[in-house]
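Here the structure comes first, spelled out in structure tokens, and everything after it is commentary.
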Amino acid sequence: MLAFITVSLILVVTNCIVAVGLNIQLGYTGMVNLMSITCVAIGGYTTLVLAMPPATPATGLTYVLGLNWPFPLAVLGGTVVAGLFGLIVGSVALRRLRAHYFAIVTFCVAEITHQSIGNFNPLFGGFNGIYGLPQPGVDVIGYDNWNYFYLLVCFVILAIVFVFAEYLRRRPFGRALRAIREDQDAAQAFGRNVYRLQLEAFVIGSLLAGLGGAMLVGFTGALDPGSWGSPETLVLITAIILGGSGNNLGVVVGMVLVAGVITQGLTFLPAGLISNTLLSPVEVMIYGALLIVVLRFRPEGLLPERPPRDVIKEPRRRLTAPHVVAED
Amino acid sequence: MVSWRPWLSVSLFLSSVGFGMVTAGILALAAVGLSLQISVTNVPNFAHGELLTCGAYGALVAQFLTNNLFVDALVGMVVSGVVAFGMNRFILQSFIKIGTRRIYLLIVTAGVSLFLQNALAVVFGEPDRVLTLPSDASQPYHIGPFIWTKIDLVVMGAAVTAMVLLYLLLQYTRFGKAQRAVADSPELARVSGVPVKRVVNLTWILVGVLAGLAGVALAATSGTVTPPMGGTILLVVFAAAILGGIGKPYGALVAALVIGVGMEVSAAYIDPAYKEVIAVAILVLAILFRPNGLFSSARETW
Amino acid sequence: MLLEVDGLAKEFGGVHAVQDFSLSMDAGEVVGLIGPNGAGKSTVITLVAGFTRQDKGTVRFGDTDISHMPVHRRARLGLVRTFQLARVWGRLSVMENMLVAASSPPRESLWRQFTAPRAQRAEEDLDRERARGVLAEFELLRLKDEPAERLSGGQKRLLEFARIVMAQPRLVLLDEPSASLSPAMSRRIGESILHLTSLGIAVLLVEHDLSLVEDTCSRIVCMAASRVIAEGSMESLRSNELVVQAYLGAALEERDLSKAAGA
């Protein structure tokens with residue numbers, strides 16, 4: 001039972017890293033990014049091809065590179081490449097500032113990337129994907145406790161990411177992003193370079209998506225196009241909106257509910273109630289319905305966004321008596 | 001010595017143009033509908049592909065009663081019309097009423113899309129279904145330089161007929177004029193006494209009917225009925241609708257021809273798996289450089 | 001000369017929205033822009049602020065030719081606008097609205113968030129103090145932590161003005177600030193405009209409420225059917241036949257318009 005929970009938690013925590021990144025794009029800045037899952041995949045694939053040995057015909061896999069890098073370095077590589085991907089797409093897609101153009105273009109990029117990677121075997125193994133990454137650090141930790149160790153690592157990373165996102169939110173940068181979300185034209189009228197701010201938010205989100213993908217791949221050891229399509233994007237967006245877009249804690253709660261409870265909970269239902277083959281479609285139906293219901297009746301989510309409070313820090317108490325100016 | 005390779009590539013080219021025209025017919029039905037829909041509701045419907053799928057499944061179900069393809073298609077069209085009406089009236093309008101921002105409406109339609117796709121998967125099961133066609137459906141006809149099967153001809157004929165009927169509807173009927181007024185400016189239409197809500201509802205039914213026909217045609221020519229069948233060509237449909245110019249149904253028609261033929265011709269020369277990638281790439285380029293379509297006036301529409 | 005607009009023209013889909021619009025403004029001036037609906041007044045604001053690119057003509061602000069500058073760069077030079085419907089940042093609190101207005105883009109640079117947090121916070125605290133003062137003047141202080149979307153229409157308008165005071169621009173383009181407000185609110189808007197002037201901010205006021213224009217503007221320009229047809233004080237405009245005709249909705253001949261423009 002504990003092992004099962006640990007596994008679920010690892011999946012949830014890595015997805016939370018992605019969700020916090022998407023929250024910066026969607027929750028803070030109001031950008032509907034339908035290619036988030038693509039950045040996750042790019043981060044994952046890059047990590048795999050950096051950390052694994054070169055592809056040989058013996059394994060039956062085909063992929064580029066294969067540099068045998070240590071896992072942490074490969075994670076860094078995956079994150080950076082995902083961020084670069086976001087930079088390239090964003091710098092072009094954000095030129096058209098209107099929100100729905102951007103959403104459609106990101107959806108297109110997601111589709112094109114999905115089809116291209118799936119059909120082009122030499123790059124990332126095509127539809128078979130890549131598998132066989134050994135568990136990072138297992139020779140030091142040992143197999144018995146590895147899951148707990150990995151969960152701890154993921155959790156620490158999530159904590160750092162969370163603090164980072166919260167910090168940004170309270171700073172002028174985060175506030176500028178939120179102003180853009182509320183009214184782009186007014187933000188421009190007050191001197192904000194909307195394109196640049198949106199691009200920065202988009203790249204940050206892409207980096208975090210890549211990081212989440214990299215950590216996910218460290219656990220699963222494998223990746224193939226079947227696990228990153230439009231249903232997965234929908235799951236991410238549903239989690240964020242359900243939990244509370246704009247509120248990082250809300251987003252984490254939303255992801256726990258969506259990825260954790262619903263997914264794992266469905267596996268507990270008696271086998272006769274839902275045939276095994278229908279499990280996936282039923283899940284997606286639930287997410288779709290959940291998304292619509294939440295947007296209609298509680299769009300702010302379970303934990304709504306709360307603007308940071310207006311407080312002025314008290315000046316430090318003087319240690320000496322104020323200097324009295326002598327009368328002239 | 002004259003090599004016969006040029007012959008091969010000419011006939012390959014022509015046969016792919018022939019395929020392309022069939023694809024274009026299906027695409028035109030879906031894209032013209034999408035263009036009309038966006039022009040009255042101002043939200044790109046990510047569930048538009050599912051309207052095609054519903055039409056195909058509707059025809060499939062009708063086949064339990066009759067194998068008359070014509071009747072089956074009609075049933076499919078009715079089903080799609082109803083689903084489209086429901087999508088707008090019960091879901092989208094409910095959001096518009098409370099003032100939801102347009103970008104979130106887009107997410108809603110994406111949710112509807114995935115819900116419908118998977119609902120169909122749950123109800124009809126995983127294995128691919130097949131639409132039973134009349135026995136002479138694959139009989140080939142040589143018309144000029146092209147080779148088409150009987151079903152290809154039927155599909156193209158249906159598409160042309162639908163386009164002609166649509167033209168008559170939009171140009172000469174009161175509904176048509178009202179629809180064009182609403183697409184141009186809902187506020188102006190409203191103050192001029194046009195029953196905007198009713199026009200919108202009827203437009204959606206029309207869109208559904210066209211999409212349903214497209215879905216049945218797609219099922220008939222591709223041979224299978226599957227839950228994701230509409231979703232997989234959604235972006236291609238978007239490409240035609242946007243390239244043709246939102247609110248310009250005839251632009252969508254021309255764009256459908258260009259994209260449909262272009263897709264099939266390129267599939268003959270490069271890996272056919274990328275044929276949709278090319279269409280989607282066209283969509284991206286259209287949005288970036290010509291969001292008002294190839295035939296645009298300077299006016300910004302949506 | 002703070003603002004020099006010369007020969008501005010714009011057409012949309014074959015229809016002339018603005019033709020041959022020219023205007024000069026000094027620092028601290030309040031100029032009114034009036035005219036019947038559809039005359040092109042709002043388009044002038046859109047063009048000068050940079051939200052739409054003009055077909056012809058130039059705009060100079062201070063010593064700089066801003067004719068081809070994007071909106072945000074014009075704003076950074078001190079040229080700000082409001083919109084016909086009060087556009088506040090709804091889910092941000094009133095105080096946050098003020099802080100965004102006060103803040104400058106360099107302060108928000110991503111890099112600086114991490115390299116100079118304490119300096120940033122000190123600057124922001126100064127802004128907070130100043131914002132509280134300004135909010136108090138506009139009688140919005142008690143609402144400072146409320147999300148801006150919860151304010152009434154009139155309060156949102158006042159918040160817009162408060163934000164402008166925070167931003168300390170050199171020129172503000174006001175687009176029908178009293179639209180859909182009560183007469184009492186209109187008077188407060190008038191006071192707010194004079195408040196801006198007292199701070200040295202020049203104002204170009206597009207308005208339908210002619211008494212508001214009369215109370216605040218030293219010079220008035222009248223447009224009709226995309227052209228300027230008269231300029232001067234309110235009295236001179238009242239007795240100007242073209243202006244009267246425009247407001248009565250009589251169709252003006254192109255010929256008469258160009259005559260007036262040339263006169």
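Side notes on the structure shown:
- Selected residue (criterion: nearest to C:Ala39 (Cα to Cα)) from residues of the range C:209-238 that are free of Cβ contacts under 8 Å to residues at least 60 places away in the same chain and assigned to a loop (DSSP other than H, G, I, E, B): C:Asp209
- Flag for C:Arg170 being surrounded by fewer than 20 Cβ atoms within 10 Å (Cβ to Cβ), more than 10 Å from the chain's Cα centre (by Cα) and basic (Lys, Arg): yes
- Pair list, Cβ < 6 Å and 6+ apart or interchain, from the range B:243-269 residues that are under 24 Å from B:Ile38 (Cα atoms) and in contact (Cβ under 8 Å) with a residue 24 or more places away in the chain to residues that are polar (S, T, N, Q) and part of a helix (DSSP H, G or I): B:Ile246/B:Ser35; B:Ile246/B:Ser39; B:Gly247/B:Ser39; B:Pro249/B:Ser35; B:Ala252/B:Ser35; B:Gly260/B:Thr23
- Which numbered condition C:Ala39 misses (of (1) buried (at least 22 other Cβ atoms within 10 Å of the Cβ); (2) modelled with pLDDT of 90 or more; (3) over 30 Å from C:Asp127 (Cα atoms)): (2)
- If the condition is being facing another protein chain (nearest Cβ under 8 Å) and touching a residue at least 24 places away in the same chain (Cβ under 8 Å), then the range C:61-81 contributes C:His72, C:Ala75, C:Arg76, C:Val80, C:Arg81.
- Scanning the range C:213-226 for residues that are surrounded by fewer than 22 Cβ atoms within 10 Å (Cβ to Cβ) and farther than 17 Å from C:Leu3 by Cβ returns C:Glu214, C:Asp215, C:Ala225.
- Residues being more than 7 Å from every other protein chain (Cβ to nearest Cβ) and charged (D, E, K, R) - total across the range A:194-206: 1
- Boolean, B:Asp152 is part of a helix (DSSP H, G or I) and within 30 Å of B:Gly18 (Cβ to Cβ): yes
- Identity of the residue in the range C:228-263, crowded, with 22+ Cβ neighbours inside 10 Å and under 23 Å from C:Phe12 (Cα atoms), that ends up modelled with the lowest pLDDT: C:Ala246
- Some residue of the range C:201-208 being part of a helix (DSSP H, G or I) and surrounded by fewer than 21 Cβ atoms within 10 Å (Cβ to Cβ): no
- Every residue from the range A:277-294 that is within 7 Å of chain B (Cβ to nearest Cβ) and either out of contact with any helix residue (DSSP H, G or I) (no Cβ under 8 Å at 6 or more places or on another chain) or modelled with pLDDT under 85 (or both): A:Thr277, A:Leu278, A:Pro281, A:Val282
- Counted residues, the range C:177-193 - those being out of contact with any helix residue (DSSP H, G or I) (no Cβ under 6 Å at 6 or more places or on another chain) and in contact (Cβ under 8 Å) with a residue 60 or more places away in the chain: 1
- Test: residue in the range C:242-257 that is over 15 Å from the mean Cα position of the chain (by Cα) and among the aromatic types (Phe, Trp, Tyr): yes
- Single residue of the range A:49-63 satisfying the filter (more than 15 Å from A:Pro134 (Cβ to Cβ) and either under 25 Å from the mean Cα position of the chain (by Cα) or polar (S, T, N, Q) (or both)) that is surrounded by the fewest Cβ atoms within 10 Å (Cβ to Cβ): A:Thr56
- So C:Val165, is it more than 10 Å from chain A (Cβ to nearest Cβ), within 22 Å of C:Thr46 (Cα to Cα), under 21 Å from the mean Cα position of the chain (by Cα) and in a helix (DSSP H, G or I): yes
- Any hit, the range C:72-91, residues being at pLDDT 90 or above, out of contact with any Gly (no Cβ under 9 Å at 6 or more places or on another chain) and over 30 Å from C:Ser226 (Cβ atoms): yes
- Of all residues in the range C:133-142 being within 13 Å of another protein chain (Cβ to nearest Cβ) and without any contact (Cβ under 8 Å) to a residue 24 or more places away in the chain, the one that is surrounded by the most Cβ atoms within 10 Å (Cβ to Cβ): C:Leu141
- Residues located in the range A:1-31, provided they are more than 25 Å from A:Arg95 (Cβ to Cβ) and either buried (at least 24 other Cβ atoms within 10 Å of the Cβ) or polar (S, T, N, Q) (or both): A:Thr6, A:Ser8, A:Val12, A:Val13, A:Thr14, A:Asn15, A:Cys16, A:Ile17, A:Val18, A:Ala19, A:Val20
- When B:Ser94, B:Ser113 are checked against the criterion of being more than 18 Å from the chain's Cα centre (by Cα), within 10 Å of chain A (Cβ to nearest Cβ) and either part of a helix (DSSP H, G or I) or acidic (Asp, Glu) (or both), B:Ser94 stands alone in meeting it.
- Boolean, A:Leu302 is at pLDDT below 75, more than 17 Å from B:Thr100 (Cβ to Cβ) and either surrounded by 15 or more Cβ atoms within 10 Å (Cβ to Cβ) or more than 7 Å from chain B (Cβ to nearest Cβ) (or both): no
- Considering the range A:111-170, and only residues there that are modelled with pLDDT of 85 or more and of a type in the set (Asp, Glu), the residue that is nearest to C:Ala116 (Cα to Cα) turns out to be A:Glu166.
- The single condition among (1) buried (at least 22 other Cβ atoms within 10 Å of the Cβ); (2) in contact with a helix residue (DSSP H, G or I) (Cβ under 6 Å, 6 or more places away or on another chain); (3) over 18 Å from A:Asp185 (Cα atoms) that C:Phe61 does not satisfy is (2).
- The range C:98-108, subset crowded, with 16+ Cβ neighbours inside 10 Å and within 8 Å of chain A (Cβ to nearest Cβ), residue nearest to A:Arg192 (Cα to Cα): C:Pro105
- Wholly within the range A:70-163, helices (runs of 4 or more DSSP H) carrying at least 2 residues that are more than 20 Å from A:Ile17 (Cβ to Cβ) and within 11 Å of chain B (Cβ to nearest Cβ): A:71-93, A:99-119
- Scope the range C:53-64; condition assigned to a strand (DSSP E or B) and either among the basic types (Lys, Arg) or closer than 21 Å to C:Ala17 by Cα (or both); matching residues: C:Lys56, C:Gly57, C:Thr58, C:Val59, C:Arg60
- Among (1) more than 10 Å from chain C (Cβ to nearest Cβ); (2) under 23 Å from A:Thr113 (Cα atoms) - the single one A:Val252 does not satisfy: (2)
- Residues of the range A:164-193 satisfying the condition of being more than 7 Å from chain C (Cβ to nearest Cβ), in contact (Cβ under 8 Å) with a residue 40 or more places away in the chain and not small (Gly, Ala, Ser): A:Glu166, A:Arg169, A:Arg170, A:Leu177, A:Ile180, A:Arg181, A:Gln184
- Matching option when the condition is in contact with a helix residue (DSSP H, G or I) (Cβ under 6 Å, 6 or more places away or on another chain) and polar (S, T, N, Q), among B:Ser113, B:Ser94: B:Ser113
The values are calculated or read from the model by the stated rules, or taken from the named source; none is laboratory data. Please read all numbers here as calculations on a predicted model, not as lab measurements. All Cβ positions, glycine included, derive from the backbone under ideal geometry; neighbour counts span all protein chains shown.
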